[in-house]
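What follows is a short report on a single structure.
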Amino acid sequence: MNHHKLIIIGSGPAGLTAAIYAARAELKPLVFAGLTYGGQLMLTTEVENYPGFHKGILGPELMQNFITQAERFGGEIKYEDVTKVDFSRLRQGFGGQAQKPFRVWSGNTEYTADCVIVATGASTMWLNIPSEEKFRGKGISSCATCDGFFFKGKELIVVGGGDSAMEESLYLTKFASKVTIVHRRNEFRASKIMIARVLDNPKISVMWDTVVEEFFGDEKLKSARLKNVKTNEVLEKPIDGAFIAIGHKPNTEIFSGQLNLDAKGYIVPVGDTKTNVEGVFVAGDVRDFRYRQAVTAAGMGCMAAMDAEKYLEMDHG
Ligand code: NAP
């Protein structure tokens, strides 16, 4: 029988915290963890700012702990991708009246649920140039809050021209000796106030009309080849670290037409954790482009599970 009270889609800190809470509430949640399970922390090495781990913990180890904790209380984890959902609850022959349950597919297999929590996260956008992947975690990062601390007194570049790039650059000046923003155009798209702060900061300089062509190093990142797209001038710049801040892409393709999404594809929450579909809740980076922290996602996962439990108690289960 493929029916469950609660299906959770996603297995980052939001989805797995929802699973821990829902499992302890004896809802026996089914979690679709995805083929690449664990969310963004699987791409990180040391996590030093997750409360409770005063010596730090490796990202993948932390996520394995989340999974073990969810399973301990009866959460079921499937390492499969959800490929399609139907949240309409309308069935032919019911006169258009809403009928339970929600429908979720993994390939050709259909699962049904009384309630769904969506926690599919957002994926970092990378430059996708040769050598970028090789140095990820060895000098290349996409999260200043996570990794800035490791670059005390170092020279860094930040790639991007939006608010994220501004915020990351400003944050990195707490640690780095020098931050150079590398931006592909001759103006930023960030908000005026953030641009003003960046341009006022003596530790930050900007290379306009410039793109990164390649990263170099051995065990660690050592330099980047930069090209001015207007003059075609090429420069190999020695650097200790590179932060890629060119945006995130929410993982919401399968919810298009089912849930309200904003212009960038993020799920638009209704109040704290609800969506426009009653009985479908949302948590984590898939609805949050601002904080994007494991601990904030986990907090939202907890909230979504508590709201889902309440919803099911109100005779929706
Ligand atoms: P964004 O606004 O989409 O900016 C992405 C930046 O990266 C753009 O400057 C873009 O260049 C550049 N870029 C994109 N693809 C690139 C590529 N392949 N190579 C080189 N450069 C590339 O993304 P974001 O900065 O992450 O912000 C997302 C949303 O979150 C925005 O609405 C933002 O206001 C918001 N946000 C707000 C705050 C805050 O209020 N404190 C902080 C962070 C984010 P072009 O300009 O040439 O397109």
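Each reported figure results from applying straightforward, stated rules to the coordinates on display, with no laboratory input. Worth saying up front: this structure is predicted, and the values here are computed from it rather than measured. Glycine gets a Cβ as well: all are built from the backbone with ideal geometry, and neighbour counts include every protein chain shown.
Given the peptides 104-116, 11-23, arrange them by the average over their residues of other C-beta atoms within 10 Å, most packed first.
By packing density, highest mean first, the sequence is 11-23, 104-116.
Restricting attention to the alpha-carbon atoms of region 15-129, what are Rg (one decimal) and Dmax (integer), both in Å?
17.2, 59
Run the reach check for Lys227 against aspartates and glutamates, Cα to Cα strictly under 17 Å, same-chain hits fewer than 8 apart removed. What comes back?
Glu132, Glu187, Asp209, Glu213, Glu214, Glu236
Using all alpha carbons of the chain, what is the percent of pairwise distances in each 20 Å bin, ordered from the shortest bin to the longest?
Percent of pairs per bin, in order: 31, 50, 19, 1.
Below 19 Å, Cα to Cα, which aspartates and glutamates can Lys84 reach? Residues fewer than 8 away in the same chain don't count.
Reachable aspartates and glutamates: Glu110, Asp114, Glu253, Glu278.
In the structure shown, do any of Lys134/Lys203; Lys28/Lys274; Lys28/Lys55; Lys5/Lys274; Lys55/Lys203; Lys5/Lys310 have a Cα-Cα gap over 23 Å, and if so which?
Correct reply: Lys134/Lys203; Lys28/Lys55; Lys55/Lys203.
If you take every residue apart from Phe73 with its C-beta less than 12 Å away from the C-beta of Phe73, what net charge results, scoring Lys and Arg +1 and Asp and Glu -1?
0
Quick one: work out Rg over Rh on the C-alpha atoms of region 126-244, Rh as Kirkwood radius.
Radius of gyration relative to Kirkwood radius: 0.93.
So which of Lys154/Lys174; Lys154/Lys220; Lys222/Lys249; Lys78/Lys264 end up more than 19 Å apart, counting from Cα to Cα?
In this structure, Lys222/Lys249; Lys78/Lys264 lie more than 19 Å apart at Cα.
Using only the Cα atoms, work out Rg/Rh for region 115-171, with Rh taken as the Kirkwood radius, to two decimals.
1.05
Using only Cα atoms, tell me the angle between helix 59-72 and the longest principal axis of the chain; keep it within 0 to 90° and round to the nearest 10.
So the inclination is approximately 10 degrees.
Using a Gaussian network model on the chain with a 10 Å cutoff between Cα atoms, which of Gln40, Gln258, Gln293 fluctuates the most?
Gln258
Do you know the relative contact order of the chain, to the nearest whole percent, from alpha carbon pairs under 8 angstrom that are 6+ apart?
21
In region 138-240, which GluC sites (Glu not before Pro) are in a loop and have at most 11 other Cβ atoms within 10 Å, using DSSP for the loop call?
Filter output for region 138-240: Glu187, Glu219, Glu233.
Over region 152-257, what is the relative contact order in whole percent, taking alpha-carbon pairs under 8 Å and six or more residues apart?
Reported as a whole number, the value is 30 percent.
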